[in-house]
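A quick write-up on the structure given underneath.
The values are calculated or read from the model by the stated rules, or taken from the named source; none is laboratory data. Computed from a predicted structure; not experimentally measured. Every residue, glycine among them, receives a Cβ derived from its backbone with ideal geometry; neighbour counts consider all protein chains shown.
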Amino acid sequence: MRAIRIPALFVVLVLGACRGPRLYSSKPGPYDRIPEGWEAPLVEARRHLEQDEPVRAHRILVELTTENPRILPVRILLQEVELQLLKEGLRAGNLSVPSPDRSLMWLGDHYLTQAEANPTTEAYVLAARLVPATDPARALAFLDQAEALDPKCVWIPYARAWWNFVDYRFTPAENAVRDAFRLDSGHLPTMRLHAIVLTAAGETAGAIKVLKIWWKRSRNDPLVSPEERGEALLDLASLKVLVGKPKEALRHLDDVDPRVFENLARLDQVRAAAYEGRNRFDLAFEEVRRAEDYAPEDPLPIVHEAMLHARQGDEEDELLSWQRLLDHLGEHESDGFSALLFKLQAITRLQRAAEAGTLAEGGEAVPRP
């Protein structure tokens, strides 16, 4: 499924413990058993994708999925390549779309038509993947149809967990993760999602364990993209900061290839947090400012800057940063929950400063004598 990102400075999700099996032993079912002889072409397809040659990758993946259309991770990779080509205004084999910005909707309709014409479990799983994120009920309905055809496909509970989690339905997400692990306790996509669920539940040690296993097993797997591995390494570094191991976090960050990220802001934010954990505030400020340059509309670097000033006891600059955050939020409209929390945090801090007499009229911090 699509990637899920956890906010760097605020994760408060009321979720019960979601403990999976202690041993993530892999027992792939018929939808995940890669046929003999497929490894080399899959490696070649991945190489073409990394070299920005999606047409060549598409050709290879079409041949494989025509030979055996039941192998879902390969079908999913093909679906992603199709979507990439259509968004770029290119043809994906016989598929073309009149308006590239409607590629997701058009391709979703195409996959649904295929599923209705030839109902199979994999067809409905693929159709569910392309449902807009704003309509989880529709995706879950497709997954019900997939389950009616084969209740032993691990991709069904995995996808259910994903859709429920992004819809903030945490108990069903937790139950679906358990269901997926009962079918295949070493299913890599479920392990990755499990780490995210554990992180949200505050079970940091468990999340670190799962991520480490996932990282080791996904190495050299052509079905796992460099972008996925880069995001996982960032998550692992973030978790190491949370458990008070910033030195280990920095080592993980040294292994990150920055070329796999479209935007380097998150990489800089995590590195800033690691430097902060080592009391290297000079380097932390550098990373925060670099993150703001990469993502000027994101309020998070400004929040982090204010917190860094507070850690140093620099109230004047801290208050200026909170005021700058309010100005920033006024200039960049956002109805997101995180933005609201940041705004409330800034207002509360500035009000306390005003009550203490350290804030001048108009919101400017009063310089200390």
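On the given criteria, is Thr190 polar (S, T, N, Q), crowded, with 22+ Cβ neighbours inside 10 Å and under 29 Å from Asp150 (Cβ atoms)?
When the stated conditions are applied, Thr190 passes them.
Scanning the stretch 120-150 for residues that are polar (S, T, N, Q) and assigned to a loop (DSSP other than H, G, I, E, B), which turns out surrounded by the most Cβ atoms within 10 Å (Cβ to Cβ)?
Looking at the filtered set, the residue picked out is Thr120.
Quick check on my filter: what residues within the stretch 296-306 are crowded, with 17+ Cβ neighbours inside 10 Å and in contact (Cβ under 8 Å) with a residue 24 or more places away in the chain?
Once the filter is applied, which keeps residues that are crowded, with 17+ Cβ neighbours inside 10 Å and in contact (Cβ under 8 Å) with a residue 24 or more places away in the chain, the stretch 296-306 yields Asp298, Pro299, Leu300, Pro301, Ile302, Val303, His304, Ala306.
Conditions tested, residue by residue: (1) touching a Leu at 6+ places or on another chain (Cβ under 9 Å); (2) small (Gly, Ala, Ser); (3) within 16 Å of Ser225 (Cβ to Cβ).
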site: Glu53; (1), (2), (3): no, no, yes
site: Glu63; (1), (2), (3): no, no, no
site: Ile76; (1), (2), (3): yes, no, yes
site: Ala128; (1), (2), (3): yes, yes, no
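Are any residues in the stretch 71-97 at pLDDT below 95 and either farther than 23 Å from Asp52 by Cα or hydroxyl-bearing (Ser, Thr, Tyr) (or both), and if so, which ones?
Ser96
Looking only at residues in the stretch 247-268 that are over 17 Å from Ala207 (Cβ atoms) and touching a Lys or Arg at 6+ places or on another chain (Cβ under 6 Å), which one is surrounded by the fewest Cβ atoms within 10 Å (Cβ to Cβ)?
Across the stretch 247-268, the extreme among qualifying residues is Leu253.
Of the conditions (1) farther than 30 Å from His252 by Cα; (2) modelled with pLDDT under 85; (3) under 30 Å from the mean Cα position of the chain (by Cα), Ala339 fails just one. Which one is it?
Of the numbered conditions (1) farther than 30 Å from His252 by Cα; (2) modelled with pLDDT under 85; (3) under 30 Å from the mean Cα position of the chain (by Cα), the odd one out for Ala339 is (1).
For the stretch 84-102, what are the residues that are part of a helix (DSSP H, G or I) and crowded, with 20+ Cβ neighbours inside 10 Å?
Within the stretch 84-102, Leu85, Leu86 qualify.
Right, Arg160: among the basic types (Lys, Arg) and either over 23 Å from the mean Cα position of the chain (by Cα) or under 30 Å from Glu36 (Cβ atoms) (or both) or not?
no
Within the stretch 151-202, which residues are of a type in the set (D, E, K, R) and outside any helix (DSSP H, G or I)?
Hits for the stretch 151-202 are Lys152, Asp167, Arg169, Asp184.
If you check Ala201, Ala205, which single one turns out to be surrounded by 20 or more Cβ atoms within 10 Å (Cβ to Cβ) and of a type in the set (Gly, Ala, Ser)?
Going through Ala201, Ala205 in turn, just one is surrounded by 20 or more Cβ atoms within 10 Å (Cβ to Cβ) and of a type in the set (Gly, Ala, Ser): Ala201.
Being outside any helix (DSSP H, G or I) and either under 22 Å from Tyr124 (Cα atoms) or modelled with pLDDT under 95 (or both) is true for just one of Gly108, Gly29, Gly37. Which residue is that?
Gly29
Can you name every residue in the stretch 268-311 that is under 22 Å from Val256 (Cβ atoms) and among the polar types (S, T, N, Q)?
Scanning the stretch 268-311 gives a single hit, Gln269.
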